[in-house]
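The values are calculated or read from the model by the stated rules, or taken from the named source; none is laboratory data. Values in this document were obtained by computation on a predicted structure and should not be read as measured data. Here Cβ is always computed from backbone atoms with ideal geometry, including for glycine, and neighbour counts include all displayed protein chains.
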Amino acid sequence: MKVFVVGPSVGYSRFIEDLELVDDMKDAQVVLFTGGEDINPELYGCKKHPSTWFNTKRDQFEVESFKKVASDQLCVGICRGFQLFSAMYGGKLAQDVSGHWCGRSHSITNGKITYEITSLHHQMVYPFNLDQKDFEILYWAEGISHYYEGDGIDPKFFSMFGEPEVALFHREGLPTCLGVQGHPEMMAGSPVAKMINDLIRQNIKRCQ
């Protein structure tokens, strides 16, 4: 699988099976956006929460990189990368939540199967203002956070649909994006990493 990593943190790709890193985005099947700082709330039209911290230069670089992704390439986002996809599609973020910045694993489910995945984030994707045809929440967590803070956030949607952990964004004119809130690179070879690899393969075919 040919993967281009946006930025220098190639270690985020180590969970990907049959990995072949490429130096030119044009040669990639998968364009991987990695974890790190929060993103600037201005990117999704919201006011900054006191807990939010961001890197403007990184935001600018990654937004420009996102715009260069071709329609037949799959974007994969880990943690911050997932959150960036939400912003690029017009979604929002809960800028501070409890229970997820725990440094351990928690359960995610699709209603039938449950996996354990790492949890190292204090923000959460909020796609509920988008058209329902533009996103699918594939796996979610339930009731881990006790609050959801941020401009434009209605907590009832997390109660109704769960806390998004793995989701797919797709809209004509934008790259197809698979986002993962946890860190599968810390769990290479685990059941959850294998599940995410299966999703990557399925959605590479979808992009072709």
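Numerical summary
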item: Meets criteria (at pLDDT 95 or above, surrounded by fewer than 15 Cβ atoms within 10 Å (Cβ to Cβ) and closer than 30 Å to residue 152 by Cβ) for residue 17; result: no
item: Residue satisfying all of: in region 188-208; outside any loop (DSSP other than H, G, I, E, B) and of a type in the set (S, T, N, Q); farthest from the chain's Cα centre (by Cα) among these; result: 202
item: Residue list for region 96-112, restricted to those being in a loop (DSSP other than H, G, I, E, B) and in contact (Cβ under 8 Å) with a residue 24 or more places away in the chain; result: 98, 99, 100, 110
item: Search result, residues across region 1-53 that are part of a helix (DSSP H, G or I) and either of a type in the set (A, V, I, L, M) or farther than 25 Å from residue 72 by Cβ (or both); result: 10, 11, 25, 41, 42, 43, 44
item: Residues being surrounded by fewer than 24 Cβ atoms within 10 Å (Cβ to Cβ) and in a loop (DSSP other than H, G, I, E, B) - total across region 160-187; result: 9
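Residue-wise test of (1) in contact with a His (Cβ under 6 Å, 6 or more places away or on another chain); (2) of a type in the set (A, V, I, L, M, F, W, C).
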{"residue": "161", "(1), (2)": "no, yes"}
{"residue": "165", "(1), (2)": "no, no"}
{"residue": "176", "(1), (2)": "yes, no"}
{"residue": "184", "(1), (2)": "no, no"}
{"residue": "188", "(1), (2)": "no, yes"}
{"residue": "196", "(1), (2)": "no, yes"}
{"residue": "201", "(1), (2)": "no, no"}
